[in-house]
Amino acid sequence: MTWLYWTISIIFGILLAFLVYRKDKQKQAPFKWLPAVLRFFTGSLTALLLLAPVFSGLSHEEEQPTIIWLQDISTSSKQSLGGFEKKYKEQQEQVLRQLKQQYNVREFGFGTELFKDSIYTYDQKATNITQALELISTQFQDKNLGAIILASDGIYNQGSNPSFLQLAKPVPIYPIALGDSTTPKDLRLSSIYANKTVALNNSFEIFADIVATGLAGKQTTASLIHQGQTIATQPISINNNDFAQSLSFTASAKQAGLQKYSISIAATEGETNLQNNSQSIIVEVKERKTKILLLANAPHPDIAVIRQAINDASQFELTVSLNGSIPANSNDFDILIAYQYIPKAKLNLPTWYITGANMATGNIATLKEIESGAVVTNERNISAQLKDAFTQFTLPSGIRAALPKMPPLTTTLAGIKTSEQTLLSDQSGGAVWNYYPGTTPTSILIGEGLWRWSVYEYKNFNNYNTTHELIRQTLSFLQVDKENKPFKINVLKNNITDNEPAIILAELRNPNGELINEPEAKLSLSSEGKTLNYNFEKSGNAYRLQAGLLAPGDYNLKGTVSWKGKNYEDFGLLHVSDIPLEALRTHADFQLMYQLAAKTGGSFFTQYNFGQLTDSLKNNPQIKPVIHSQSKSKPIIDERWLFFLIIALASLEWFLRKYWNMNT
């Protein structure tokens, strides 16, 4: 409409000018046309002011690229810099000054969290590179984010593998690798795992993964320790400089309750880091076996694989019903495996749902109660990929090598969302194997074909360890104590480091089995003669306590509550390890840093040559200012100069008419 307002205003000005000129041309004046011109501008501007109080136009604003300096401030980075720390800081400050002359520069430090402007503390006890990059990408996704400078030794011990990272907004990463890529002499116990529960008076296995670098030809010994006594030893012969070995110890469950077992490796000559030579695990020894009911419509090779995996674990007892009928003694069972069959009657048991090509479509309603997006699709094959963020239990040592060789699973189910409880996903990003913790835990595996996994694993590795261990770990995850105790405490993780908060849950049930939390519940943690006392917080119908970070040691837990004149108590065990996460790996990972640069279009630098970083950023054509154009509406009445101009034009016309005596 603006053009119309302009047209009307100009026509109005021309009309006024014409009327004035027609009258003035009969008078004696040196410039008869000049008053008419002044009247034209005065009339046009006045009409424009009245007709178009708002004008629209474009404004242009240039936004310089934002460069993020993301500094790893973990203790391992300080160790990697060593004596070069002072010189690195001086050169870093010089490069930052250069960058700030051309870009918007923001500085962040990271470890377990992201810290603004804290880039020289080096006090973080863990490193999560993926989380830091994701937070930066999300926080600056609406800005002209030019590049992320990642200064780190590449050692991460929390979160997923950064090389698989997909940022919210593509941005080049310029890594500065800190430390030395030379492989140090080190022997470490990378992981220890066993079944969460075992049966009393039965034997069970405890596994450990050993990694050694730069120690070819050395000999050492691994010891299994229980209650301060060495109960088994194994010699270790390191035959190359890049050595890895899995150990298996057999222990006897002779005492019921929570039991702590430790594996320790004797130091070798030339090894400087001894903090990663031992780890502990807590196993619950039960007086009764865990009873498992497997329901299926028909026989299937997968059932045979599940049966074999369970038979190898003494704490489980399996009953199979192939016609889908529920035994009369269903209350005696602890876990249900619903293999391509979901009973109409709910058993209120921790359940592992396994779907496949023969899954009845009518059973989808039960799964929708867990995953609302679950839908039935045409039969298809899916390849399983490991989700690095999974932490519900310790993964089998060979899973990363075995999984890529596994054949696809067959499914007719989709719409299962991934989360932190996702163990496996498919090539499209959907969940394949999910775990749902809680009072009645659940697991969903959306494909059949475990038998093919077992065959291929034996063909490639001459064992079934990964397949069988995943089955047993799933059943251990589903185990819930069915003892008839009104009050129980539950430690989410019995074995933590001094960098992890201790979280304890508790529940109180009335005679009808309903959860209640009306009375106050208390917890005491005792270690080496000292006792810490806490009050549980009420969470829903249960209790929850985050005790924070605890000093290393073994803690005996005692929960108490009083209700309707009766006192109830329950006990637990918690082991806090003094192994710093940053000490588990001391070898700077230059390969990871190089992969990040290559994947994102950045350039790789080390602590010795990053002075060339500014020139590298200049030469990247993608890092450039962005022009933002915005349509803006501005009231013309705000233009005060227009009023003065109209007054000036009108005054000038009046003066000329007076001076030339044109008013008569």
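The values are calculated or read from the model by the stated rules, or taken from the named source; none is laboratory data. In this text, all values refer to a predicted model and were calculated from it rather than measured experimentally. Here the Cβ positions follow ideal geometry from the backbone for every residue, glycine too, while neighbour counts run over all protein chains shown.
Of the listed requirements (1) in a loop (DSSP other than H, G, I, E, B); (2) of a type outside the set (S, T, N, Q); (3) crowded, with 19+ Cβ neighbours inside 10 Å, PRO407 misses just one: (3). Do you know which of the residues in the stretch 298-314 that are loosely packed, with under 15 Cβ neighbours inside 10 Å and outside any helix (DSSP H, G or I) is modelled with the lowest pLDDT? Result: ASP312.
Here's the yes/no breakdown for (1) touching a residue at least 40 places away in the same chain (Cβ under 8 Å); (2) crowded, with 17+ Cβ neighbours inside 10 Å; (3) basic (Lys, Arg); (4) closer than 30 Å to PHE12 by Cβ:
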{"residue": "SER59", "(1), (2), (3), (4)": "yes, no, no, yes"}
{"residue": "GLU63", "(1), (2), (3), (4)": "yes, no, no, no"}
{"residue": "THR66", "(1), (2), (3), (4)": "yes, yes, no, no"}
{"residue": "ILE73", "(1), (2), (3), (4)": "yes, yes, no, no"}
{"residue": "SER76", "(1), (2), (3), (4)": "yes, yes, no, no"}
{"residue": "LYS86", "(1), (2), (3), (4)": "no, no, yes, no"}
{"residue": "ARG106", "(1), (2), (3), (4)": "yes, yes, yes, no"}
{"residue": "PHE115", "(1), (2), (3), (4)": "yes, yes, no, no"}
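Helices (runs of 4 or more DSSP H) fully within the stretch 554-651 that include at least 2 residues being touching a Leu at 6+ places or on another chain (Cβ under 8 Å): 590-600, 613-618. Of the strands (runs of 3 or more DSSP E) lying entirely inside the stretch 147-219, those containing at least 2 residues that are touching a Gly at 6+ places or on another chain (Cβ under 9 Å) and surrounded by 20 or more Cβ atoms within 10 Å (Cβ to Cβ) are 173-177. Quick check on SER419: is it free of Cβ contacts under 8 Å to residues at least 60 places away in the same chain, closer than 28 Å to GLN158 by Cβ and crowded, with 17+ Cβ neighbours inside 10 Å? Answer is no for this residue.
State whether the residues of the stretch 502-522 include one that is farther than 14 Å from GLU569 by Cα, touching a Ser or Thr at 6+ places or on another chain (Cβ under 7 Å) and modelled with pLDDT of 90 or more. No, the stretch 502-522 contains no residue that is farther than 14 Å from GLU569 by Cα, touching a Ser or Thr at 6+ places or on another chain (Cβ under 7 Å) and modelled with pLDDT of 90 or more.
Number of residues in the stretch 93-117 that are within 16 Å of GLU134 (Cβ to Cβ) and part of a loop (DSSP other than H, G, I, E, B): the value is 3. The conditions of being out of contact with any strand residue (DSSP E or B) (no Cβ under 7 Å at 6 or more places or on another chain), surrounded by 15 or more Cβ atoms within 10 Å (Cβ to Cβ) and either outside any strand (DSSP E or B) or of a type in the set (A, V, I, L, M) (or both) are not met by THR474. If you filter the stretch 273-331 down to residues that are touching a residue at least 40 places away in the same chain (Cβ under 8 Å) and among the small types (Gly, Ala, Ser), you find that the one that is nearest to ASN495 (Cα to Cα) is SER280. Among the criteria (1) surrounded by 15 or more Cβ atoms within 10 Å (Cβ to Cβ); (2) at pLDDT 90 or above, the one GLU271 does not fulfil is (2). Just to verify a result, which residue in the stretch 368-387, among those that are in a strand (DSSP E or B) and in contact with a helix residue (DSSP H, G or I) (Cβ under 9 Å, 6 or more places away or on another chain), is nearest to ASP426 (Cα to Cα)? Filtering the stretch 368-387 for residues that are in a strand (DSSP E or B) and in contact with a helix residue (DSSP H, G or I) (Cβ under 9 Å, 6 or more places away or on another chain), the one nearest to ASP426 (Cα to Cα) comes out as GLN385. Only residues that are of a type in the set (A, V, I, L, M, F, W, C), more than 13 Å from ASP302 (Cα to Cα) and in a strand (DSSP E or B) were counted in the stretch 330-361, giving 3.
Every condition in (1) closer than 16 Å to ALA194 by Cβ; (2) of a type in the set (Lys, Arg); (3) out of contact with any His (no Cβ under 7 Å at 6 or more places or on another chain); (4) surrounded by 13 or more Cβ atoms within 10 Å (Cβ to Cβ) holds for LYS260 except the one numbered (3). Summed over the stretch 260-272, residues that are in contact with an Asp or Glu (Cβ under 9 Å, 6 or more places away or on another chain) and without any contact (Cβ under 8 Å) to a residue 40 or more places away in the chain total 0.
Looking at (1) in contact with a Phe, Trp or Tyr (Cβ under 9 Å, 6 or more places away or on another chain); (2) in a loop (DSSP other than H, G, I, E, B), which is the one condition that is false for LYS417? Status for LYS417: all satisfied but (1). Within the stretch 514-525, residues that are on the phi < 0 side of the Ramachandran plot have Cβ atoms under 8 Å from residues that are exposed (fewer than 14 other Cβ atoms within 10 Å of the Cβ) and assigned to a loop (DSSP other than H, G, I, E, B) in these pairs: LEU515/THR439; LEU515/GLY540; ILE516/ASN510; ASN517/GLY540, counting only partners at least 6 apart in sequence or on another chain.
Considering the stretch 358-375 alone, what residues qualify as being modelled with pLDDT of 80 or more and surrounded by fewer than 17 Cβ atoms within 10 Å (Cβ to Cβ)? Residues satisfying the conditions are ASN358, THR366, LYS368, GLU369, ILE370, SER372, GLY373, VAL375. PHE610 meets all of the listed conditions (1) farther than 13 Å from ILE149 by Cα; (2) surrounded by 11 or more Cβ atoms within 10 Å (Cβ to Cβ); (3) not charged (D, E, K, R) but one, namely (1).
For THR112, the conditions (1) hydroxyl-bearing (Ser, Thr, Tyr); (2) over 25 Å from LYS100 (Cα atoms); (3) in contact with an Asp or Glu (Cβ under 9 Å, 6 or more places away or on another chain) all hold with the exception of (3).
The condition of being at negative phi and more than 26 Å from the chain's Cα centre (by Cα) holds for only one of ASN535, ASN490, ASN494, that being ASN535. Could you list, in sequence order, all residues of the stretch 234-272 that are hydrophobic (A, V, I, L, M, F, W, C) and over 20 Å from PHE204 (Cα atoms)? Once the filter is applied, which keeps residues that are hydrophobic (A, V, I, L, M, F, W, C) and over 20 Å from PHE204 (Cα atoms), the stretch 234-272 yields ILE236, ILE238, PHE243, ALA244, ILE265, ALA266, ALA267.
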